[in-house]
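*Asks:* Structure below; questions to follow.
The values are calculated or read from the model by the stated rules, or taken from the named source; none is laboratory data. The structure displayed is predicted, hence computed values, not measured ones. Cβ: placed from backbone, ideal geometry, glycine included. Neighbour counts: every protein chain shown.
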């Protein structure tokens, strides 16, 4: 029985490695650890004897564990969706309506703003949060459609440091909602504009065109 | 040990039923070819994310424990310790760096070292420090918190400090007041058996390498079982904990620390992979409470109490629990002040 469970663990690891689903679970820099573990499985399976005294009755956790792993080997996973963000706080760069902010760390980027990814935009905004600095700049990014707690439309992506457990969402507001289902991946082009709300001012993307895309091979931003 | 066995079995039964429900849902979806709705998919991605990130460390831990089991003798370790008092405590606290066994594996080793005339206060220092101060745990914590190297340093220093303080305090109590009467030598006892699985002995007739692979296999699967339980709990809390409750807990740092200490005590997750488990709480709970979880968990949990009871009497054991818990709380509060 022990070897059967080990075999199924091996099958599960092989399946997610082969289909590329491994990228949905952990950061790519840890892939080699999984491949190495997978390479160890044959040694664990083939070498040494087992004691007949190893009682399945006392280790009955192995049965549901095995069943779960078998089904996980069959099941087609998809990347994290907006649901995973439900109970978590989200950092939205928002500044007071009456005050012009100027960060001392802010700088002018001379390259084409259309080259920036969603993560680049969020990073730059964390250095210089003043929305007016970006007004009128052209944007070309991809992500999935997301609506925040206040039902504001966004284009979003998850950032991963280690594994899916630490995934946190980043995103850019859209000035108008799109006729798309939440969690659909799309590529979007448009111009940035400043939107005022009762809580302050924030940047939003005025979409000029968008097209649906398939879920990327690595759907998360990995740092 | 019998009571400990029942404790572990009660957890296992709860785990079994949760797993059965989860498995049934999966079977239904697979049978009818349905597409998983987002909540189930996200739950499974986080659940298996934690599990997959932990697998390599569980495997390395199992291989190392098996190696320690077949290659090291407690007599040798005891004879190599320095003579000076503080150095002796310090070197025992750092023994985990060369004997990287988790909190399940170090109890049988500590018992055998006591039987080879190691003072119980020294064995206690080893028991408290070794599950954290070992290379595997250091690496896994660094992997889980790559942006927080100082947090890893805090974890190591806190564990070292608590182990030294508690161990050196207990050096003033005579051994007969600390130890259980029947501390007998079980030479066949293998790592992992003592946790929840009494009676799984490795026959002496097996060759050394047969024993090595057998211990590795058993260790790996037993740890996987416990880790899956932890992952189940972590992913459920992360996705389904009401935001209001989380905010309430987070608003009070000491409450968050106490809650995470309680969680560490209940989930009894192996120190090799507890950082991945804690990671899922890092977005909601303050880092000081995550530190409390990572410091207390490897020293004390439901699974460790019966194992420690096989060495210490009830009274000293309760003092150990009180001391370790208070010091972990104190260290976490200090972290929140200075970080």
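*Asks:* Only one of (1) surrounded by fewer than 22 Cβ atoms within 10 Å (Cβ to Cβ); (2) farther than 14 Å from residue B:137 by Cβ is not met by residue B:98, so which one is it?
*Replies:* Of everything listed in (1) surrounded by fewer than 22 Cβ atoms within 10 Å (Cβ to Cβ); (2) farther than 14 Å from residue B:137 by Cβ, residue B:98 misses just condition (2).
*Asks:* Going through region B:145-179 one residue at a time, which ones are touching a residue at least 24 places away in the same chain (Cβ under 8 Å) and within 19 Å of residue B:279 (Cα to Cα)?
*Replies:* Of everything in region B:145-179, those that are touching a residue at least 24 places away in the same chain (Cβ under 8 Å) and within 19 Å of residue B:279 (Cα to Cα) turn out to be B:145, B:148, B:150, B:151, B:154, B:155, B:156, B:158, B:159.
*Asks:* Residue B:65 - would you say it is closer than 22 Å to residue B:115 by Cα and surrounded by 24 or more Cβ atoms within 10 Å (Cβ to Cβ)?
*Replies:* Spelling it out, residue B:65 is indeed closer than 22 Å to residue B:115 by Cα and surrounded by 24 or more Cβ atoms within 10 Å (Cβ to Cβ).
Residue-by-condition table, conditions (1) outside any helix (DSSP H, G or I); (2) more than 14 Å from the chain's Cα centre (by Cα); (3) under 19 Å from residue B:256 (Cβ atoms); (4) away from chain A (no Cβ under 14 Å):
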position	(1), (2), (3), (4)
B:288	no, yes, yes, yes
B:302	yes, no, no, yes
B:306	no, no, no, yes
B:321	no, yes, no, yes
B:328	no, yes, yes, yes
B:336	no, yes, yes, yes
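*Asks:* From the list A:16, A:34, A:8, which one is more than 7 Å from chain B (Cβ to nearest Cβ), assigned to a helix (DSSP H, G or I) and either surrounded by 20 or more Cβ atoms within 10 Å (Cβ to Cβ) or in contact with a strand residue (DSSP E or B) (Cβ under 9 Å, 6 or more places away or on another chain) (or both)?
*Replies:* Residue meeting the stated conditions: A:16.
*Asks:* Being farther than 15 Å from residue A:147 by Cβ, without any contact (Cβ under 8 Å) to a residue 40 or more places away in the chain and in contact with a strand residue (DSSP E or B) (Cβ under 9 Å, 6 or more places away or on another chain) is the filter here, so list the residues in region A:159-194 that pass it.
*Replies:* Across region A:159-194, the qualifying residue is only A:166.
*Asks:* For region A:167-210, name all the residues that are part of a loop (DSSP other than H, G, I, E, B), over 18 Å from the mean Cα position of the chain (by Cα) and more than 22 Å from residue A:124 (Cβ to Cβ).
*Replies:* Answer for region A:167-210, where residues must be part of a loop (DSSP other than H, G, I, E, B), over 18 Å from the mean Cα position of the chain (by Cα) and more than 22 Å from residue A:124 (Cβ to Cβ): A:176, A:177, A:178, A:179, A:180, A:198.
*Asks:* Test residue B:291 against the criterion of being at pLDDT 75 or above and crowded, with 21+ Cβ neighbours inside 10 Å, and give yes or no.
*Replies:* So residue B:291 passes the test.
*Asks:* Residue A:63: more than 7 Å from chain B (Cβ to nearest Cβ), farther than 20 Å from residue B:212 by Cβ and either modelled with pLDDT under 80 or assigned to a loop (DSSP other than H, G, I, E, B) (or both), yes or no?
*Replies:* It is true that residue A:63 is more than 7 Å from chain B (Cβ to nearest Cβ), farther than 20 Å from residue B:212 by Cβ and either modelled with pLDDT under 80 or assigned to a loop (DSSP other than H, G, I, E, B) (or both).
*Asks:* Determine whether residue B:22 is modelled with pLDDT of 85 or more and in a helix (DSSP H, G or I).
*Replies:* Criteria not met by residue B:22.
*Asks:* Restricting region B:127-147 to residues that are in contact with a helix residue (DSSP H, G or I) (Cβ under 6 Å, 6 or more places away or on another chain) and in a loop (DSSP other than H, G, I, E, B), which is nearest to the other protein chains (Cβ to nearest Cβ)?
*Replies:* That would be B:145.
*Asks:* Just give me the residues in region A:42-51 being part of a helix (DSSP H, G or I) and buried (at least 18 other Cβ atoms within 10 Å of the Cβ), in sequence order.
*Replies:* A:44
*Asks:* Of all residues being assigned to a strand (DSSP E or B) and more than 22 Å from residue A:131 (Cα to Cα) in region A:154-166, which is nearest to the other protein chains (Cβ to nearest Cβ)? Just the residue, please.
*Replies:* A:163
*Asks:* Under the condition of being more than 8 Å from every other protein chain (Cβ to nearest Cβ) and either touching a strand residue (DSSP E or B) at 6+ places or on another chain (Cβ under 8 Å) or modelled with pLDDT under 80 (or both), which residue from region B:232-247 is surrounded by the most Cβ atoms within 10 Å (Cβ to Cβ)?
*Replies:* That would be B:233.
*Asks:* Further question: Please go through region A:19-31 and give me each residue that is surrounded by 15 or more Cβ atoms within 10 Å (Cβ to Cβ), assigned to a helix (DSSP H, G or I) and at pLDDT below 90, ordered by number.
*Replies:* A:30 - this is the single residue of region A:19-31 that is surrounded by 15 or more Cβ atoms within 10 Å (Cβ to Cβ), assigned to a helix (DSSP H, G or I) and at pLDDT below 90.
*Asks:* Can you confirm whether region B:63-75 contains a residue that is in a loop (DSSP other than H, G, I, E, B), modelled with pLDDT of 75 or more, more than 9 Å from chain A (Cβ to nearest Cβ) and under 21 Å from the mean Cα position of the chain (by Cα)?
*Replies:* No.
*Asks:* Name the single residue, out of those in region B:206-228 being at pLDDT below 80 and more than 8 Å from chain A (Cβ to nearest Cβ), that is surrounded by the fewest Cβ atoms within 10 Å (Cβ to Cβ).
*Replies:* Once the filter is applied, the top-ranked residue is B:208.
*Asks:* With the requirement that a residue be surrounded by fewer than 16 Cβ atoms within 10 Å (Cβ to Cβ) and under 22 Å from residue B:334 (Cα atoms), what does region B:166-184 give you?
*Replies:* B:169
*Asks:* Next question. Assess whether residue B:158 counts as being away from every other protein chain (no Cβ under 14 Å) and crowded, with 23+ Cβ neighbours inside 10 Å.
*Replies:* In short, yes.
*Asks:* For region A:211-223, check the following and say yes or no: at least one residue is without any contact (Cβ under 8 Å) to a residue 40 or more places away in the chain, assigned to a strand (DSSP E or B) and farther than 21 Å from residue B:39 by Cβ.
*Replies:* Looking through region A:211-223, at least one residue is without any contact (Cβ under 8 Å) to a residue 40 or more places away in the chain, assigned to a strand (DSSP E or B) and farther than 21 Å from residue B:39 by Cβ.
*Asks:* Follow-up. Residues of region A:111-130 being assigned to a helix (DSSP H, G or I), modelled with pLDDT of 80 or more and under 17 Å from residue A:143 (Cα atoms), which ones?
*Replies:* Residues satisfying the conditions are A:118, A:119, A:120, A:121, A:122, A:123.
*Asks:* Residues of region B:294-320 being modelled with pLDDT of 85 or more and either more than 17 Å from residue B:179 (Cβ to Cβ) or in contact with a strand residue (DSSP E or B) (Cβ under 6 Å, 6 or more places away or on another chain) (or both), which ones?
*Replies:* B:294, B:295, B:296, B:297, B:298, B:299, B:300
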